[in-house]
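A.B. asks: I have a structure I would like to understand better, so I am pasting it below and will then ask my questions one at a time.
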Amino acid sequence: MTQNVDVEWLSQQIEDASVKGIAHTASNLIHDGLIAVGMQMPAVRELAERLGVSPATVSAAWAQLKKQKVLAGKGRSGVWVCGNSVLPRPIRFEKIGNYGENVKASLAMASPDPALLPDLKQAMLAGIASPGLNSYQREAVSPNLVDAIKPRWPYPAQAWLATDGGFDAMNLIVQTLLSPGDRVVIEDPTATRLLDMLDNIGAEILPLPCDEQGPLPAVLATHLQKSPVMFIYQPRTHSATGHSVSQRRSAELARVLANSQTLIVEDDGIGDLSRWPVWSLGYHFPDRVVHVHSFSKAYGPDLRLAVLSGTAEMVKRLQSWRNFGVSWTSRILQDAVAWMLKDDTTQQCIQHAKTEYAHRRQRLLSALAKRGMVLEERDGLSVLIPVESEQYAMITLAARGIAVLPGERCSINSIQFIRVSAALLPFEQLDSIADAIVIASGRELNVSPDL
């Protein structure tokens, strides 16, 4: 017989009746063995009444512990303890690529081809010559980097902050500007690690579907009625779908957002490898836009560099949070990127990479079209493939030694799909890969020799 946790006793243990406080107290009690694995937690409404908070507060705390695999269950069956250790981790991201030794084609990660990245030798020499080298001054961004990015930034920004890559910037924003239980509007699908970050902070996600031009304004308008704290979107070359927000759609989004106070976060993860311009909402709302531009995929992942912009006050808040840890990003790396942004040879290399990635995507799409699967050419390092069943697709491809990203890792309510990286596609296996993808999608394989 299942033993219930006494609601009166539990309420007396909770000194901080916030979402974070309830979750923290409950997790400690479970970890210490005072609440045993298998015990039933009190009803949400009953505990909320004892604590003098809304049921939504308790539900959000339980949701946070469910994501950490400490609690399980919902509805009439109640919530019970299923684990006794809380280990925050990016669950979706860590599931990518678990295929053992059977992988013949690793197409799950949309990573740049090292052969298409710029040579870093001269850039690193320029970085070592940084005038601020070895200073403990906690400056937000190198003056050389500001000088290089200003002419190319998508709107007249007030302040900048260098970070250790795009996801470091996004995690910094989420950790600093959000609290547990805050509502966040985010595209569906989106980047896997963004969902992990929001889960980790205990945010309430409001999924926003997209079409070829970007997020749907009508759905965003509906979400804004719930007063979300933040709206996160990718302004160009979406990491999952490959679409880019058009100028017209950006203007439509601006009209919808005009009467709200929601903070707008633009995550430009592919950066200079995109074929399209950024129509930043910073032109309309410079006082509440945080724009993140990553340089990793275009210039080199080991540079670990991104730059974000916002108001001076927002950048100050973000910088203050960084002072708990690294405080500043390497000036060597910042000035190396600054040098590359102005170097003609580097910029020619970037243009060549964009052309080559487009060619590789097109080769994959042509191979699929030859087999009856016609998909629109978009942008980026990968191709989204609609499937009838993700589970069937993943099993089918894994049996053939092909690793891809299942849509569930980066979606909430969106269509069934898989994402196939085209950046490092082994073209000697193209025919067998295309055959496998078509079969995995649930379609009948029918190769046309005329295409």
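The values are calculated or read from the model by the stated rules, or taken from the named source; none is laboratory data. Predicted, not measured: the structure shown is a model, and the values here were computed from it. Note that each Cβ is placed from the backbone with ideal geometry, even for glycine, and that neighbours are counted across all protein chains shown. Surface accessibility is based on the protein's heavy atoms, side chains included, excluding ligands, DNA and RNA. Shrake-Rupley method; radii C 1.70, N 1.55, O 1.52, S 1.80 Å.
A.B. asks: How long are the three semi-axes of the equivalent ellipsoid for segment 109-234, computed from the Cα gyration tensor as the root of 5 times each eigenvalue, in whole Å, largest first?
C.D. replies: 34, 19, 15
A.B. asks: Leaving ligands, DNA and RNA out of it, report the carbon-plus-sulfur percent of the accessible area of the chain at a 1.4 Å probe.
C.D. replies: Carbon and sulfur atoms account for 50 percent of the accessible area of the chain.
A.B. asks: Using only the Cα atoms of segment 270-322, build the gyration tensor, take square roots of its eigenvalues as a ≥ b ≥ c, and label the shape rounded, prolate or oblate: rounded if a/c is under 1.5, else prolate if a/b is larger than b/c, else oblate.
C.D. replies: On the way: a/c = 5.17, a/b = 1.25, b/c = 4.13.
The shape class here is oblate.
A.B. asks: Separate question: Is the chain rounded, prolate or oblate when judged by the Cα gyration tensor, a ≥ b ≥ c being the square roots of its eigenvalues, rounded requiring a/c under 1.5 and prolate requiring a/b larger than b/c?
C.D. replies: Numbers: a/c = 1.79, a/b = 1.23, b/c = 1.46.
It is oblate, given that a/c is not under 1.5 and a/b is not larger than b/c.
A.B. asks: Next question, about the same structure. Over segment 401-451, with the other protein chains present, what is the accessible area per residue in square angstrom, probe 1.4 angstrom? Each step should come with its number before you reach the end.
C.D. replies: On the way: 2250 Å² over 51 residues.
Per-residue value: 44 Å².
A.B. asks: For segment 312-405, take the alpha-carbon Rg, divide it by the Kirkwood Rh, and send me Rg/Rh. Spell out each step's value before the answer.
C.D. replies: Details: Rg = 21.2 Å, Rh = 18.0 Å.
Taking Rg over the Kirkwood Rh, I get 1.18.
A.B. asks: Okay, moving on. Can you tell me the alpha carbon radius of gyration of segment 181-256 divided by the globular rule-of-thumb value 2.2 N^0.38 Å?
C.D. replies: Dividing the Cα Rg of segment 181-256 by 2.2 N^0.38 Å gives 1.05.
A.B. asks: State whether segment 239-296 is rounded, prolate or oblate according to the following rule on the C-alpha gyration tensor (a ≥ b ≥ c being the square roots of its eigenvalues): a/c under 1.5 gives rounded; otherwise a/b larger than b/c gives prolate, and the remaining case gives oblate.
C.D. replies: It comes out prolate by the Cα gyration axes.
A.B. asks: If you don't mind, another one. Translational diffusion coefficient of segment 154-300 at 20 °C, 1.002 mPa s, Stokes-Einstein with Kirkwood Rh over Cα pairs, in µm²/s as a whole number.
C.D. replies: Numbers: Rh = 15.2 Å.
Answer, rounded: 141 µm²/s.
A.B. asks: Set the bar at 30 Å for Cα to Cα. Now go through K66/K316; K66/K226; K121/K354 and name every pair that lies beyond it.
C.D. replies: Values: K66/K316 34 Å; K66/K226 24 Å; K121/K354 22 Å.
Correct reply: K66/K316.
A.B. asks: Shifting gears a bit: Under 5 Å between amide H atoms, partner at least 5 residues away or on a different chain: which partners does E204 have, H built in plane at 1.01 Å?
C.D. replies: G181, D182, R183, V184
A.B. asks: Below 8 Å between Cα atoms, with a sequence gap of 6+, how large is the relative contact order for the chain in percent?
C.D. replies: Numbers: 858 pairs, mean separation 86.2, N = 451.
Dividing the mean separation by the residue count of the chain yields 19 percent.
A.B. asks: How do the peptides 132-141, 269-278 rank, highest first, by the average count of neighbouring beta carbon atoms within 10 Å per residue?
C.D. replies: Top to bottom by mean Cβ count within 10 Å: 269-278, 132-141.
A.B. asks: How many percent of DSSP beta bridges within segment 224-371 run antiparallel, rounded to 5?
C.D. replies: Once the DSSP bridges in segment 224-371 are tallied, antiparallel ones form about 30 percent.
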